[in-house]
Amino acid sequence: MIIVMRKGHSVDELTGVVKFLETLGLRAHISEGEEKTIIGAVGDERLIERDKLLDLNGVETAIPILKPYKLASREFKPESTIIGLNGTKIGNGRVVVMAGPCAVESYDQVLETAISAKQAGAKVLRGGAFKPRSSPYSFQGLGRAGLEILARVRDQVGLPIVTECLSQDDVAIVSEHADIIQIGARNMQNFAMLEKVGKQPRPVLLKRGMMSTVEELLMSAEYILANGNYNVILCERGIRTFDTMTRNTSDIAAVPLLKSLTHLPVIVDPSHATGDRKLVPPLSLAAIAAGADGLIVEIHPTPDTAMCDGHQSLNLPQFSALMDQVRAIAQVVGKTL
Ligand code: PEP
Ligand code: MN
């Protein structure tokens, strides 16, 4: 249920409503918008006696949310969520590009990539330290040493880092090193891990599962929000279909759909969506044209020798050229980088 407070309500009135809900065993999530304050009541709504709630001072109205995700919905929070990362903002109407290698391989590789990515206009550096690989015999990432490389490069180059957490056991260490914690497609419904990243302070990049619906993605985001972390970025990265000519099938329509259903920022991963570097630039442009708040792109100094996903990685000059195109398309849809 969402409870809309009267304009100009007092702090005591707001506290009164929160206490009323907590006495019933429900949790209150407050969203203070420019126009209105809205309280999301999460828990067993059947316990709320609507008349009693409407009688509380300061309450304008109470509306049941029928959707299975509530805090993630635009009904709960009509204004778009803006996530701040030391100066860079995600979701504020600008286009934010995250770029970097699929996997952290060495300090030199990450440093060279970061310097070039920053110069080209990327605002966040990506890189996997823990890699989810289909085969147990493939390179699994450098683990903790990879996190340390990322953190060192972040300090040197000044780009915040996004990196994946694969296990509940690693949430604390990833949170300690990263600026954004990535939850990969394979873990989108690892509910125990979603709860855990919901309880730590770093923003979360939540990727859509390869067999997940848009609604399931929003419900997974809800797990994170309901645990107190409101800084979630959604990522469309392609889903599995009958077509085998691309690594995944990119669901571009999910971008405007998500933007209408949720206040959370939405970005697109054109690399995993296509699996093919020559398809990455056109899909990137389509994503921006469709209203995405940003991109996450795999790039590598020498893609042909990459230990992971080289086939879909752009080299550094290719990424720089893509950024010029992204800037041009952003302008057409009234955005800047
Ligand atoms: C990745 O970003 O490197 C990755 C493994 O992505 P996904 O979880 O979307 O497959
Ligand atoms: Mn990859």
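The values are calculated or read from the model by the stated rules, or taken from the named source; none is laboratory data. Everything quoted here is computed from the prediction, not taken from an experiment. Cβ placement follows ideal geometry from the backbone for every residue including glycine, while neighbour counts extend to all protein chains displayed. For the accessible areas, the whole protein counts, side chains as well, though only heavy atoms, and no ligand, DNA or RNA atoms are used. Shrake-Rupley method; radii C 1.70, N 1.55, O 1.52, S 1.80 Å.
The base-10 log of I(q)/I(0) for the range 2-63, evaluated at q = 0.17 Å⁻¹, reads -0.47 [Debye formula, identical scatterers on Cα atoms, solvent excluded]. For the chain, the longest principal axis of the Cα atoms and the long axis of helix 214-226 meet at an angle of about 70 degrees. Taking max minus min of the alpha-carbon positions on each principal axis, the range 155-283 gives extents of 39, 36, 26 Å, largest first. Nonpolar atom fraction for the range 225-337, defined as the carbon and sulfur part of the 1.4 Å probe accessible area, stands at 60 percent.
So what is the 222 nm mean residue ellipticity for the chain from helices alone, if each DSSP H run of at least 4 adds -39500 (n - 2.57) and you divide by all residues, rounding to the nearest 500 deg cm²/dmol? Provide the component values of the computation, followed by the final result.
Working: 11 runs with 115 residues, N = 337.
One gets -10000 deg cm²/dmol as the mean residue ellipticity at 222 nm.
Per residue, the solvent-accessible area of the chain (1.4 Å probe, heavy atoms of protein chains only, all protein chains present) comes to 43 Å².
How high is the relative contact order of the chain, in percent, counting Cα pairs under 8 Å that sit 6 or more residues apart?
Numbers: 725 pairs, mean separation 52.4, N = 337.
Across the chain, relative contact order equals 16 percent.
Around ASP269, with a cut-off of 10 angstrom between Cβ atoms, what is the net charge of the other residues, counting Lys and Arg +1 and Asp and Glu -1?
Result for the local shell: +2.
Taking a ≥ b ≥ c as the square roots of the eigenvalues of the alpha carbon gyration tensor, the range 234-337 is oblate, as a/c is not under 1.5 and a/b does not beat b/c.
Using DSSP, restrict attention to beta bridges with both residues in the chain and report what percent are antiparallel, rounded to the nearest 5.
Working: 18 of 44 bridges.
Antiparallel bridges: around 40 percent, rounded to the nearest 5.
Once a ≥ b ≥ c are taken as the square roots of the eigenvalues of the Cα gyration tensor of the range 75-212, is the result rounded (a/c under 1.5), prolate (a/b larger than b/c) or oblate (a/b not larger than b/c)? Oblate is the answer for the range 75-212, as a/c is 1.5 or above yet b/c matches or exceeds a/b. Volume per residue for the range 83-332 equals 114 cubic angstrom (convex hull of Cα atoms). Taken about its Cα centre, the chain carries a charge dipole of about 340 debye when Lys and Arg each add +1 at the Cβ and Asp and Glu each add -1 at the Cβ.
Filter LYS70/LYS335; LYS67/LYS259; LYS36/LYS199; LYS36/LYS207 down to the pairs with a C-alpha to C-alpha distance above 21 Å, please.
Values: LYS70/LYS335 29 Å; LYS67/LYS259 16 Å; LYS36/LYS199 26 Å; LYS36/LYS207 31 Å.
Violating the 21 Å Cα-Cα cut-off are LYS70/LYS335; LYS36/LYS199; LYS36/LYS207.
Dipole orientation for the range 83-332: of the candidates ALA286, THR213, GLN312, ALA286 has the Cα lying most toward the positive pole (charges on Cβ; Lys, Arg +1; Asp, Glu -1). Within the shell defined by Cβ-Cβ distances under 11 Å, the residues around ALA151 carry a net charge of -1, with Lys and Arg each +1 and Asp and Glu each -1.
If I stretch the segment between ARG186 and LYS89 completely, what's the gain in nm (0.36 nm per residue apart, minus their alpha carbon distance), one decimal? Don't skip to the answer; put the middle values down first.
Details: separation 97, 0.36 × 97 = 34.92 nm, distance 2.69 nm.
Gain on extension, ARG186 to LYS89, equals 32.2 nm.
In a simple Cβ point-charge model (Lys, Arg +1; Asp, Glu -1; nothing else charged), the range 229-337 has a dipole of about 180 debye relative to its Cα centre. The GluC sites (Glu not before Pro) of the range 50-142 meeting both criteria, a DSSP state outside H, G, I, E and B (loop) and at most 14 other C-beta atoms within 10 angstrom of the site's C-beta, are GLU79.
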